[in-house]
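Every number in this text was worked out from the coordinates using simple rules, so none of it is lab data. Since we're looking at a predicted model, the values are computed, not measured. FYI the Cβ positions are ideal-geometry reconstructions off the backbone, even for glycines, and counts take in every protein chain you see.
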Amino acid sequence: MLKVIKPGLETSVQDWPGRIGFANQGFPVSGPFDSWSFRLANLLVGNPPGTAGLEAQFLGPTLAFTDDRLIAVTGADMRPTLDGVPLPMWESVAVTAGQVLALGPARSGARAYLAVAGGIATPPMLGSRATFHKAGVGGLGGHALSEGAGLPLGPAPRPGAAPGRRVAPGARPPIGQGKRHEVEAVRGPNDDWIDDAGHATFYGTDWVLTGRSDRTGYRLQGPVLSFAGRARDKPVEHGAQPANIIDQGYPLGAVNLAGDTLIILVQDGPSMGGFINPWTVPYAVFWKLAQARPGDILRFREVGVEEAQALARDLGRKCTPAAIVT
Amino acid sequence: MVYDTPRFLPAGDRYLLVEFGNHMTLEVNFMAHGLAAIVAAERPRGVIETAPAFASLLVHYEPEETSFAAVTDALGRLVAELGPSDQLELSSRLFCLPTAYLDPWSREAWERYCATIAPKTWDPELIVQHNGLADTAQLVRVHSGSEYWVAAIGWWPGVPFMLALDPRCKLSVPRYNPPRVWTRKGTVGLGGANTGIYPEDLPGGIQVFARIPVPIWDPAQRFDVFRDSICLLKPGDRVRFVPVTLEEFAEAERKVEEGSYAFNLVEYQKFSVPAYRAWVAGLDPAARF
């Protein structure tokens with residue numbers, strides 16, 4: 001078991017790819033925001049890459065182990081310590097019963113991941129342990145960790161992986177490379193509601209990530225975008241504002257134009273609504289969003305669907321046991 | 001109303017949106033349900049799941065197993081196999097939900113809004129005004145006079161977006177602006193032409209005028225109808241709101257609490273789009289109940 005001494009800032013149980021199969025009842029996929037770091041943490045400790053682990057945001061938790069386990073911490077650098085001694089990240093480490101793991105504030109990046117051999121064994125809900133706290137679904141009683149809670153662990157794999165396993169150079173996400181992030185974005189599904197000038201503005205602007213950003217949506221601050229004719233000349237059921245459309249499904253990564261405000265819809269975002277999504281950020285580059293901080297600059301780079309899917313396949317190849325060196 | 005061929009709109013590396021039309025009509029929505037059903041049955045390679053909305057179907061697929069071109073190709077073939085919307089036959093369950101119309105709880109939500117945000121016309125009265133009804137009693141007759149088609153579910157998990165199937169019962173009203181911050185679980189309302197039900201205590205913008213005592217959201221899965229999910233409704237279900245007194249409401253609520261409530265659910269029917277169209281063609285939509 002893992003005892004929660006300090007919960008940190010909204011630390012939650014997540015698994016990958018998250019809650020699949022309930023989109024038509026309005027459930028978001030949830031799951032780890034930076035699935036690259038998450039999957040590597042699991043691979044380091046010998047788990048299948050999707051095994052339930054913890055996602056810490058901005059300020060990490062303090063946790064006590066009640067049994068001996070292999071663990072790995074990846075993602076943002078929250079200066080992890082084990083009984084006060086610095087713990088190497090991106091490496092499998094053996095902990096013994098009674099030891100205390102402490103993560104602090106993120107020095108760079110925003111989200112850190114903890115994998116434990118055997119995984120977190122909170123009860124799955126609708127096929128996943130991923131936490132969707134807005135609806136109280138999954139995770140530990142539907143919510144983020146709270147002080148004094150105990151997290152059950154699954155049986156450790158036997159034979160277990162060894163301590164000292166590391167992620168191969170080039171196989172891990174380059175986190176903490178400054179305050180500017182180049183983020184790929186594909187046109188569509190509603191790109192024909194925006195005119196050429198609007199697209200040029202979107203791809204040519206330094207968008208500021210605002211503090212009102214979380215696992216539901218990333219709100220961006222920047223210029224007003226201009227619309228194509230379709231946004232004004234449309235059947236009345238689309239709604240009164242230019243950005244209104246007949247309620248439609250929202251893809252994960254949708255760059256949603258909510259009135260005048262751009263919001264990137266991420267892990268726990270709404271499944272449908274009545275605003276247009278002129279662009280979509282590919283899931284393969286979500287790690288960039290997950291590790292950006294309020295005040296950082298996002299600059300979108302236009303890619304086609306084929307390039308986005310090449311990125312997805314490339315990420316899939318990086319998140320395999322071949323990424324781990326012993 | 002329905003495009004001759006649907007538009008396949010890319011949405012990142014693993015989603016696409018199939019748009020069937022530019023209008024919010026049942027006919028367009030039936031196409032989305034038809035494609036969802038045939039995708040679930042045929043399971044084209046790499047397709048993970050779909051979710052219908054009013055005029056479109058969102059498709060989630062795995063780019064490590066397929067590509068945008070291959071998926072749109074496969075979906076295009078399935079659309080052709082489906083044929084035109086006027087030949088569709090869709091699996092559809094029918095739920096009868098006991099409903100307290102003009103109830104004290106939706107009135108309380110309106111009163112709170114007036115007291116804390118802005119004064120506005122009482123929701124049922126606003127619907128009466130916008131639809132040329134005689135009074136709120138007629139609103140109850142008209143709203144409860146139709147079956148409702150669950151066109152989509154979402155925004156918050158389990159929230160149904162429902163359209164009246166009987167054109168004589170079609171009502172429409174603008175939403176709250178700004179929205180309410182609080183609505184009681186089980187409250188029923190109308191926004192645009194959609195009837196919705198709140199699965200939990202939630203903010204929201206639809207005009208509210210009724211409440212059901214039975215859960216449509218059950219995280220503990222206490223009732224057998226929740227065995228596959230924690231949401232009662234699925235896209236393509238139908239709902240009928242059965243007016244009950246506050247005494248009957250309280251009795252149903254008591255049975256829900258003790259776990260003995262029996263959901264009124266019909267599972268043997270299919271929804272035939274051609275039979276529906278033939279029926280609608282003979283109706284006078286102006287003939288209100």
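Miscellaneous remarks
- Per-residue mean of foreign Cβ neighbours for A:279-286 is 4 (Cβ atoms of other chains, 10 Å radius).
- Normalised alpha carbon radius of gyration of chain B [divisor 2.2 N^0.38 Å]: 1.05
- Here the range B:2-85 is treated with +1 on each Lys and Arg Cβ and -1 on each Asp and Glu Cβ, and its dipole about the Cα centre works out to around 80 debye.
- Per residue, the convex hull volume that the Cα atoms of the range B:1-145 enclose (Å³): 180 Å³
- Mean Cβ neighbour count within 10 Å, used as a protection proxy, ranking B:14-22, B:65-73 highest first: B:14-22, B:65-73
- A straight Cα-to-Cα reach below 20 Å connects residue A:179 with the lysines A:288, residues fewer than 8 places away in its own chain not being considered.
- Largest mean-square fluctuation among A:64, A:310, A:94, in a Gaussian network model of chain A whose springs join Cα atoms under 10 Å apart, belongs to A:310.
- Unit charges on C-beta of K, R, D, E only; dipole of the range A:180-318, Debye: 460 debye
- 10 Å Cβ neighbours from other chains, averaged over peptide A:308-320: 3
- Cα Rg, Dmax, the range A:2-172, angstrom units: 14.6, 47
- Seen from a random direction on average, the alpha-carbon convex hull of the protein assembly as shown projects onto 27.8 square nanometres.
- Chain A - convex hull of alpha carbons, volume per residue in Å³: 122 Å³
- For chain B, the relative contact order is 21 percent, taking Cα pairs closer than 8 Å that sit 6 or more residues apart in sequence and dividing their mean separation by the residue count.
- Compactness index (Cα Rg / 2.2 N^0.38 Å), the range A:180-318: 1.01
- Calculated from backbone phi, Karplus (6.51, -1.76, 1.60) coupling profile of the range B:258-270 in Hz, x at Gly/Pro: 7, x, 9, 5, 9, 5, 8, 9, 10, 10, 8, 9, 10
- Euclidean distance between Cα centres, the range A:168-189 to the range A:85-129, Å: 23 Å
- Rounded to 5, percent antiparallel among DSSP beta bridges of the protein assembly as shown: 90 percent
- Taking A:194, B:117 and counting other C-beta atoms within 10 Å, the order from fewest to most: B:117, A:194
- Burial ordering of A:6, A:134, fewest other beta-carbon atoms within 10 Å first: A:6, A:134
- Length-normalised contact order of chain A in % [C-alpha pairs under 8 Å, at least 6 apart]: 21 percent
- Annotation: average projected area of the range B:66-145 is 10.9 square nanometres, based on the convex hull of Cα atoms across all directions.
- Estimated at 0.36 nm per residue, the fully extended path between residue A:203 and residue A:96 surpasses their Cα-Cα distance by 33.5 nm.
- Amide H contacts of residue A:227 (H built 1.01 Å from N, in plane; Pro and chain starts excluded): A:195 sit under 5 Å, all sequence-distant by 5 or more or on other chains.
- Just so you know, the averaged projected area of the alpha carbon convex hull for the range B:2-85 sits at 4.6 nm².
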